[in-house]
Amino acid sequence: MEYHILNGDCLKETLEDEYSNLLIMREALIQGPIEEKDETSFFEKRADFISEEYKACSKETYLKGLSEFEKIKAIEKNSIINLWFGKDVFCQVNFWFLLNLLKNKIDTNDFYLVLPNENQNCSFSNKEKREESFKKKITISKEDIKIFCNLWDLFTQKQYTKMRQEGEVLESNYPFILETIKAIINMQEVEKEFIHLSIQENDFKKLFQKISKEYSIYGYGDMQVMYIIGNSY
């Protein structure tokens, strides 16, 4: 069996006519509580954060949506698992989490990373370039999966210097990874800049366009930006 794990529902709409067995990662782990090791407690705190801070859905709706994670964990042995994720911080943090969730399957399944073309964002919107990305998908070795899992653990602990060390090991196979980690290291200062920009620009649409263009490495959506600037619009 071959599965495709996608970072969000928008990508599902793009791929559902081309591929079967699509599973969706509906999270934004770049922000909010991620320290809990117990899975139940982890998702309870995520549900509180998403419903109270993003107001994207109710807590009950979020918890019902966890069935998608159960489907991901239930992927059977000897399956091919394609993970469609971009190079930006938003995508990579979700990607690291998923590999950590699936780490007990590394001896029985084949893992691949499908990256967007250089001139295409993580929406994979261009069909020709999307097909090219899939043909060039990267085999994720067992050793690499373990390092990506380490990156997830270090990210939850804010051990950013150690993250750079792990990234250096991955760099030959994933040339983008150090830039992504560098962006994480600088994230606190960058978020201060967002707040400063929000004081100068009273039109959120223009502010978001500026941030999306100049800070694309973060992959922030409108809810993430609004959370950073304090919902001041």
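Read-outs: derived from the displayed coordinates by stated rules, not from any lab. Because the structure is predicted, anything quoted here is derived from the model rather than measured. As a convention, Cβ positions derive from the backbone with ideal geometry for all residues, glycine included, and neighbour counts pool all protein chains shown.
Using a simple spin-label model with pseudo-atoms 7 Å out from Cα toward Cβ, N78 and I185 lie 4.5 nm apart. Residue-wise HN-Hα couplings along segment 23-28, as the Karplus relation 6.51 cos²θ - 1.76 cosθ + 1.60 with θ = phi - 60° gives them from phi, are 10, 10, 8, 9, 7, 9 Hz; Gly and Pro carry x. In terms of overall dimensions, segment 187-229 has a Cα radius of gyration and Dmax of 9.1, 24 angstrom.
Taking amide H positions as modeled 1.01 Å from N, with prolines and chain starts lacking one, the residues under 5 Å from L23 and 5 or more places away or on another chain are H4, I5, L6. Listed cross-link partners K87/K182; K71/K158; K136/K210; K59/K213 are compared with a 20 Å cut-off, the Cα-Cα value being larger for K71/K158; K136/K210; K59/K213.
Spherically averaged projected area of the convex hull of Cα atoms, segment 118-208: 7.9 nm². The aspartates and glutamates whose alpha-carbon is closer than 20 Å to the alpha-carbon of K129, local same-chain residues fewer than 8 away aside, are D9, E13, E16, D17, E18, D88, E118. Against the chain, whose longest principal axis comes from its Cα atoms, helix 142-157 is set at around 30 degrees. Largest GNM mean-square fluctuation among T139, T61, T180, using the chain with Cα springs under 10 Å: T61. Of the chymotrypsin sites (Phe, Trp or Tyr not before Pro) found in segment 1-88, none is in coil by DSSP with at most 11 other Cβ atoms within 10 Å of its Cβ. What translational diffusion coefficient, in µm²/s and rounded to a whole number, does the Stokes-Einstein relation yield for the chain at 37 °C and a viscosity of 0.692 mPa s, taking the hydrodynamic radius as the Kirkwood radius over Cα pairs? Result for D is 178 µm²/s. Normalising the average separation of contacting C-alpha pairs (under 8 angstrom, six or more residues apart) by the number of residues puts the relative contact order of the chain at 18 percent. Using a simple spin-label model with pseudo-atoms 7 Å out from Cα toward Cβ, M1 and E143 lie 3.1 nm apart. Structural descriptor for segment 132-233: relative contact order 19 percent, calculated from alpha carbon pairs under 8 angstrom and at least 6 residues apart.
Amide H to amide H, with H built 1.01 Å from N, I140 comes under 5 Å of F111, Y112, L113, counting only residues 5 or more places away or on other chains.
With 18 Å as the limit, the listed pairs K103/K146; K105/K142; K37/K103; K73/K105 all fall inside it between alpha carbons. Given the options K129, K64, K73, which has the most mean-square fluctuation in a GNM of the chain, springs set between C-alpha atoms less than 10 angstrom apart? In this elastic network of the chain, the residue with the biggest mean-square fluctuation among K129, K64, K73 is K64.
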